[in-house]
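Scroll down for the structure; my scribbles are underneath it.
The values are calculated or read from the model by the stated rules, or taken from the named source; none is laboratory data. Everything quoted here is computed from the prediction, not taken from an experiment. Ideal geometry is used to build each Cβ from the backbone, glycine not excepted, and the neighbour counts take in all protein chains shown. Just so you know, the surface numbers come from the protein's heavy atoms only, side chains and all, with ligands and any DNA or RNA stripped out. Shrake-Rupley method; radii C 1.70, N 1.55, O 1.52, S 1.80 Å.
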Amino acid sequence: MKTFASGSDDTAGPERLLVGVSNYVVGTGEQTLVAYGLGACVSVVLYDEAAGVGGVTHAMLPRQPASGGAPGKYVDAAVESLLREMVGTGAGFGDVEATIVGGATIFELQNLAAGAGARNVEAARDQLDSLEVPVVAEAVGGDVGRTVELDVATGRVTVSTADGETEAL
Amino acid sequence: MLDVEALGTFYEMAREGAELAAGRLTPMTDIQTRVGVTRLDFTTGPAIRAELDDDVRKVGIRVELSEGVEGTSLLLFDEDSAREVAATLTADMDEENLTQSAVAEVSQIMNSGFVDGWADVLQTEIDVSTPEYVDGTSPDAFLDADDVAPADELALVFRSQIEAVGTEFAFKHYFMPERDSIEALFERRTAGYSLEYEKLVGFDRMAHRGAETVAENLTKMTGIDMDVDIRRINFVSLDAIPEDVPAEPQVSVAFSFDGLPSGYLLFLFSERSANQLVEATVGESTDGEGLSAMGQDAVQELSNIMASGLLDGWANLLDTTIDHTTPTFAHDMGPAVVDPLIVGLSEGQEFAFVFDTRLKAVDTEFDLDIYAIPNETDLEAALERLDVTNVESVQVQAEFTAAQGGPNSDDLQEIGDIEGVDL
């Protein structure tokens, strides 16, 4: 048994691993990766079916500044770091597919950076395009919060909302 | 002076310690753990005592630290969790003293995890006293009278929770550093920007009075007898704030405010509480159908009145102007409604002071969480203007603007008149 906190973890066993804000997690075997309560934040789910390796990001801002910063916080850096770690765990670079979830506008507030969610989604699409990872599904935008789960054993991605709706992507 | 960069270091220290402590619990007990909420709280002795006074028996250890950092470290398992831990170590042996020695041993090893984490971050050595086993249901079992600050002072308290995956495991850690020791650590830091401790204390006292006024107004408007349950200032990493709000759907009203300081204000009602509020104010029963448009308006406008009360109190004390937006409503998962606000702040700062207030009904299950999250540099500038001698004389009064499409100010004034509230 191993402790998990908030960073990457590749522990085997039937576990639910939480992907906190500004983090990304690689999963294998029977693990389920969960990012709760995405508002304007974006999760990118990456999965290699043949290798049985998956990963989920939970990023707040679209692009990492030149000065750096924790990669998990930025959509572009989180996707790149996650892909690299998945390849290190056995995924094939050309075999990974992506799902993008989140990027909603929960509140319309004057001071809140307008379109923060949309910019996060755009950054995810751009980065996946430049890394040549195909996007197979999206649940983005709108005004609802979302929770995304990846069942690594099956590759099933489910998105649930506060009204009790659950959708398999 | 409170150096914000130093507080950031302390926060990392708390998190590092909690992760090392959790990491040491797991291999000993085979209980799969994770670090829950870690926070630096500016709080008072009575508030900590109230939190420990919950009729749940807790066992653990109390340790005094010295040298690199001085203070009291308290590690507490809820009774059931302690049994679970002990059972993994003393299988087939149910003697009370075996449980005690198992818990003491596990606590001691976890404490050394915390201390090692802190020593790593502070690059210093920390001495640890012989642990004292503690066991009881009242705060006196765990705390001495002089452990934390009296009611009118704020103490910095490090708090961490460690949770087990899939069970109701409950473990809490408090570290209450000596004020002199914390001040010495601040002095070791080269200054980034900083806040004066006394001004934060003054601001907190004013905020407490503001919260009491809000509770009184809410009581008058709803007929539900309200009280201030929790009042604290937390210093947390922005990305940790969503972990600290309920995961369940919340009826939420958000504002942004502009001036000195600027920032965000968020009201979170549980669904049950929002329904009670609507029933009490506009007489509309939801019957489990969710809030109607009228119900939403009522929740927005009551939040608007409370927001005005809080922010006008701040503005009066700081002798500034703080404008706030009209309210915006969402009914969504707790973390999802906090998320846009932390995204809004995260471009300019990594940590935030969160002014966290919980109002609770005296005899029904009604509660309301109010989070005020100011922009960090604005808060610093605002506190520079604070005259701490002025705190007791400042008036907290409410002015408000109506939401678009909602009841207007005259309507609410009328409600206020009927309910006998001075708006």
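For the reader, a short list of remarks on this structure follows.
- Principal-axis analysis of the Cα atoms of chain A puts helix A:75-88 at an angle of about 0° to the longest axis.
- Antiparallel beta bridges, as assigned by DSSP with both residues in chain A, represent about 75 percent of the total such bridges.
- Taking every residue in B:341-354 and counting other chain Cβ atoms within 10 Å of its Cβ, the average works out to 4.
- Cα-based Kirkwood hydrodynamic radius, the stretch B:2-188, one decimal, Å: 16.6
- As a fraction of the 1.4 Å probe accessible area of the stretch B:267-379, surface on carbon and sulfur atoms comes out at 40 percent.
- Solvent-accessible area lost on pairing B with A (1.4 Å probe, both sides summed) amounts to about 3000 Å².
- Normalising the average separation of contacting C-alpha pairs (under 8 angstrom, six or more residues apart) by the number of residues puts the relative contact order of chain A at 24 percent.
- Over all directions, the projected convex hull of the C-alpha atoms in chain A averages 9.6 nm² in area.
- For B:Thr130, net neighbour charge (Lys/Arg +1, Asp/Glu -1) across residues whose Cβ lies under 12 Å away: -2
- Cα gyration tensor, the stretch B:218-281 - rounded (a/c under 1.5), prolate or oblate: prolate
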